[in-house]
Structure formats: structure tokens, C-alpha cells
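Asks: Submitted below is the structure of interest, expressed as C-alpha cells.
Since every read-out is calculated from the coordinates, none of them should be taken as a lab result. For clarity, every value in this text was computed on a predicted model and none was experimentally measured. In this analysis, Cβ positions are derived from the backbone assuming ideal geometry, glycine residues included, and neighbour counts consider all displayed protein chains.
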Amino acid sequence: MNVFWLGFITYIASSTILSTKEMPFMLFQPLQLLGLVAIFASSTYLIKPFFETEYLKIFFFLFAFWAIIILLRGVSFNKDVLKLIFLNPWFGGMFYLVPLILLFRRNFLLYKKVFSAILILSVIFLLYSLMFRGILTEVIPDDRNRSVVEYFTKSLGITALFILFTQMYHSKSKNLIAFVTVLVVLVLGVFQARRGVLFMGVLGLLFAGYLYFISAKSKLLSGTLLVGLLLAAIVGGVYVFFNVELEALYYLQDRGVTDTRTGIEVYFYKDMQGLDWVIGRGMLGEYYCPTMGQGNYRGTVETDYLNMILKGGILNLGLLLVILIPAIFLGLFHSKNYLTKAYALWILFWLINTHPSTVQVFTMNYFLVWIGVGVCYSSFIRSIPEELMKSYFKPAE
């Protein structure tokens, strides 16, 4: 388990730092490959397939089979294609393998290690943010700066929200690290006017607040505290947005009313033909879109559910939904503990963000979705009382 998560952290930390284009590829690409070796080698020991329901078993293998078809439709032995598949966690082929974590042995060591990995990624995110603060906070309409913020926040920082979702199982110091990480994510989103990052951060905090409220012993005290914080944030945010002279806020105001998606989506709808909607165009599938200044064809749609259709068709998206929607329902309404509810809300959080952001990528965000599927479909885990669940994660005080 340690080898798997250390391999993943090595891979994603190396990939993220390469997004700055200020570090030598010859140093960090070998680290990516080393991380992949650790991931694949450890997975052979960790995979122990077990399904509690025939429903999940059938649809999981259908989804996995279709993911392999999508991947094979883009595979070639061209050097550049192989590098894209294995070394690009966002637009390559590695994320098609993420659902296989559902086949790992489901035990509490896995869930503890997930928490540890998220905290390590959060610390790396904070260190990277200090190291590259010039790129991250420079308020200019530069594509590289905006991309670096996207990679840093979504690859490393955003899953700190899951620590806040499960704050009842962590020490105050761990919750503080997670909270500071989320604040930095929001600040960077403001500086580079990343509306998707800001939406994810704010929505995640609202979900975390909801879980804090329903898990608190004193509903009156927790409710008053949350309402007070929400009002203070709204009033303070509105005041700063309209009264403080900060270049980043002018940039955010300008982009806040700019529609950057509709034109792309119109081209996507026009170019997709009948069969394309059903089975997609494969991992390297593209569509005609001459508006972005990067050639006449694009291989991605920032609206991620459309991107899933581009690559694997409605069949791809449909198989995913028939797995995830029941998981959310089971986790939220048929569970006796907040770990399951937290995973269910994370799956819902991820699904909502398929509209404003690219989230089906080889990051902890997507790993949490499939770990959550295993948790939510497990009648055993759902039946564990909350006090017993706390004893697994948080030593008695």
C-alpha cells in the first residue's frame, strides 16, 4: 500500500512541476516512470476482486471493457503518443486505469493511507505555491500562468477538501493544513481568474459545512457558527470585490462575465456525427474548432462530460452514471456513518464539476470517486456505527 501511494505521489508531483516548464524534463520524467513502475508493481499485489452486488459487478466490467476499447482506439507505438499516454496525467491514457482501484482489497488501511496521501499532496502543493509564487500570482492574461494554476490546484490541492469532508476523523493540525490548502487554492483562483477552480473550492466548502453541521453534537452551535462564517464571507467578498483596488480583482471581474465555452461547444455539436455520439472517437479523438488559435482541431472539451462523449460516446457517460448515481444514493441515505456519506458527497461533487472543469484525470480527485464507489456499495461499511468508525481513524483522546 505504501509503495502504491508513494509511487502515485512521485508521479503526480513530478508531472505537476513539469507544467511550469521551468524544470528539466530529463530530471522529472524518469521520476514519473519510477512512480509508474511502483504503481503497476504494487497493484499486482493489491488487486483482490470482490463485488457485494451483481449489479456493480456487471456494470463495472462493462465500463472497464469500454474504457479499454477507448484506450486501444488511440494506441500506437509512436514515441510521442506513448509519452502522452503514460506521462500526461490529464490528457493521456492513465486515467482510464483509475477505476481498477475498485478491485483493491477494501480495508481500513487503504482509507487511512488515502488520508495520508492527501495530506502529503497538500504539503507539496503549499511548497510548490511558495516556490513558483511569481508564476502563480502574476496577474497577466498569460495562458501558461493560468494553466499552471489549474494543474497545481486540481492535481495537488483540491482534494484537501476531502479532509474537511471527514474532519471528524482527523486531528486539529491535519484539519488546519487542509483548510489552509483550500484557502490558497481559492486565492490562486482569484489571481488567475480561474472560475472552475473557484467554483470547486466554494462548492467543496459548502459540502464540508453541511457534513460538519449534520455530524455536530450541538446543531444550534454549529449552525450558528456556519451561518456566521457564510455571512462574513459573503459580505467581506462583496466588499473586497467592489471596493479594493487590486489588479487581480479587475481581471476576475472581466473574466467573470466573459463566455469562453459556448463557442467551443457549438463547434463540438456541429462536428459530431451520429455514430460519434454513441461510441465517441477514441482516446485521441478530435473535433473541428478553429477559434482557439491552436490549429483547426482540438482534442479536449473543457466541459468534461462532453469530453467523455468525445472520447467514448454517450455509452461511456451512461455506463459511468449507472454506477455513480446509485453509489451516491446508497452512501447518503443508507449509511450509519459519515465516512460513507463523505465519499457519496465527493462523488456528487465530482459529477457536478464535470460541467465547469476537467475532472476525469489521473489525480487523487478521480481516485476518490472510485474508492468511494467501493465504500458506498459495501453494505458492511455502510452499516458500521459512527462511534466505531471514529475509533478506526482517530485515537481516543
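Asks: I want to check the label-to-label distance for Phe213 and Leu31. Put each point 7 Å from Cα in the C-beta direction and report it in nm to one decimal.
Replies: Each label point lies 7 Å from its Cα, and together they span 4.2 nm.
Asks: Once Lys and Arg get +1 and Asp and Glu get -1 on their Cβ, which of Thr224, Ile135, Val185 lies farthest toward the positive end of the dipole of the chain?
Replies: Result: Thr224, furthest along the dipole toward the positive end.
Asks: Sort segment 145-216 into rounded, prolate or oblate with this rule: let a ≥ b ≥ c be the square roots of the eigenvalues of the Cα gyration tensor; rounded if a/c is under 1.5, and if a/c is not under 1.5, prolate when a/b is larger than b/c, oblate otherwise.
Replies: Here segment 145-216 falls in the prolate category.
Asks: Projecting each Cα onto the charge dipole of the chain (Lys/Arg +1, Asp/Glu -1 at the beta carbon, about the Cα centre), which of Leu348, Asn2, Phe125 comes out farthest on the positive side?
Replies: Asn2
Asks: Something else now. Taking H as built 1.01 Å from N, whose amide H comes closer than 5 Å to the amide H of Phe104, not counting residues under 5 places away?
Replies: Lys48
Asks: Could I ask something else about it? With +1 on each Lys and Arg Cβ and -1 on each Asp and Glu Cβ, and nothing else charged, work out how big the dipole of the chain is about its Cα centre, in Debye to the nearest 20.
Replies: Dipole of the chain, to the nearest 20 debye: 1080 debye.
Asks: Rounded, prolate or oblate for segment 1-121? Axes are the square roots of the Cα gyration tensor eigenvalues, ordered a ≥ b ≥ c, and the cut-off for rounded is a/c under 1.5.
Replies: It comes out oblate by the Cα gyration axes.
Asks: Counting Lys and Arg as +1 and Asp and Glu as -1, each charge on the Cβ, what is the dipole of segment 35-136 about the Cα centre in debye, to the nearest 20?
Replies: 200 debye
Asks: Let me ask something else. Using a/c under 1.5 as the rounded threshold, could you call the chain rounded, prolate or oblate? The axes a ≥ b ≥ c are square roots of the C-alpha gyration tensor eigenvalues, and prolate needs a/b larger than b/c, oblate otherwise.
Replies: rounded
Asks: Name the residue from Ser378, Val322, Ser357 whose Cα lies farthest towards the positive end of the charge dipole of segment 276-397, charges +1 on Cβ of Lys and Arg and -1 on Cβ of Asp and Glu.
Replies: Ser378
Asks: Given 0.36 nm per residue, what is the gain on full extension from Lys394 to Arg105 after removing their alpha carbon distance, in nm?
Replies: That works out to 101.9 nm of additional length.
Asks: Another one. Once you've got the Cα coordinates, tell me which of Lys57/Lys270; Lys21/Lys83; Lys48/Lys112; Lys174/Lys341; Lys57/Lys217 are over 26 Å apart.
Replies: Beyond 26 Å between Cα atoms: Lys57/Lys270; Lys57/Lys217.
Asks: Mind listing the Cα extents of segment 23-93 along all three principal axes, in Å, largest one first?
Replies: 48, 28, 19
Asks: Per DSSP H run of n ≥ 4, the term is -39500 (n - 2.57); total these for the chain, divide by its residue number, and report the mean residue ellipticity at 222 nm rounded to 500 deg cm²/dmol.
Replies: Here the helix-only value at 222 nm equals -22500 deg cm²/dmol.
Asks: Can you give the FRET efficiency to the nearest 0.05 for Ser173 and Ile352, using r as the Cβ-Cβ distance and R₀ = 30 Å?
Replies: 0.50
Asks: Here's another thing I want to ask about it. Mind giving me the nanometre distance, one decimal, between the label points for Val187 and Val3, set 7 Å out from Cα along Cα→Cβ?
Replies: The modelled label-to-label distance comes out at 4.0 nm.
Asks: Only Cα pairs within less than 10 Å get springs; with that Gaussian network setup on the chain, which residue of Leu275, Leu62, Leu46 has the largest fluctuation?
Replies: Of Leu275, Leu62, Leu46, the Gaussian network model singles out Leu275 as fluctuating most.
Asks: Mind pulling up the Rg/Rh value for segment 177-221? Radius of gyration and Kirkwood radius, both on Cα.
Replies: Rg divided by Rh gives 1.11.
Asks: Highest GNM mean-square fluctuation, the chain, Cα pairs closer than 10 Å: which of Ile371, Ile328, Ile120?
Replies: Largest GNM mean-square fluctuation: Ile120.
Asks: Of the candidates Gly189, Gly299, Gly313, which one comes out as most mobile in a Gaussian network treatment of the chain with C-alpha springs shorter than 10 Å?
Replies: Among Gly189, Gly299, Gly313, the largest mean-square fluctuation in the Gaussian network model of the chain belongs to Gly299.
Asks: For a Förster distance of 25 Å, can you work out the FRET efficiency between the beta-carbons of Ile68 and Gln273, rounded to the nearest 0.05?
Replies: 0.60
Asks: While we're here: Report the full-extension gain for the segment Phe40 to Asn78: residue separation times 0.36 nm, less the Cα-Cα distance, to one decimal in nm.
Replies: Extra length from Phe40 to Asn78 when fully extended: 11.5 nm.
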